[in-house]
1. Among the residues of the range 23-77, which ones are of a type in the set (Ser, Thr, Tyr) and modelled with pLDDT of 95 or more?
2. Looking at the range 1-28, I want the residues that are over 10 Å from residue 51 (Cβ atoms) and have a partner that is of a type in the set (Val, Ile, Thr) and at pLDDT 95 or above with Cβ atoms under 7 Å, at least 6 apart or on another chain. Which pairs are those?
Amino acid sequence: MCALAKPACKCKQRAVVRFLLLEKQTPAAIAKRLKAIYGDKALSRVHAWKWCKRFQEGRTNLHNEDRSDCPSIITEK
């Protein structure tokens, strides 16, 4: 694993996925490269494939969408 890749922010990896798709890389090749670069901090193979599909469908946003159905803070009454 490259020392520069230690802070493996998910959105940065998604940017790599998007870039490699534009370079005509296959989802399998992209997942393999992420693993080689980020090691244990890499997106899982399944998540890499899901992001490939999202970008191929036209998505451009690298961040997760806000979820209205899941509370982000648990409060006790």
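The values are calculated or read from the model by the stated rules, or taken from the named source; none is laboratory data. Since this is a predicted model, take the numbers as computed values, not measurements. A quick note on method: Cβ atoms are made from the backbone with ideal geometry, for glycine too, and the neighbour counts reach across all protein chains shown.
1. Keep residues of the range 23-77 that are of a type in the set (Ser, Thr, Tyr), which gives 26, 38, 44, 60, 68, 72, 75.
Of everything in the range 23-77, just one residue is of a type in the set (Ser, Thr, Tyr) and modelled with pLDDT of 95 or more, namely 26.
2. Partner pairs satisfying both residue conditions: 20/30.
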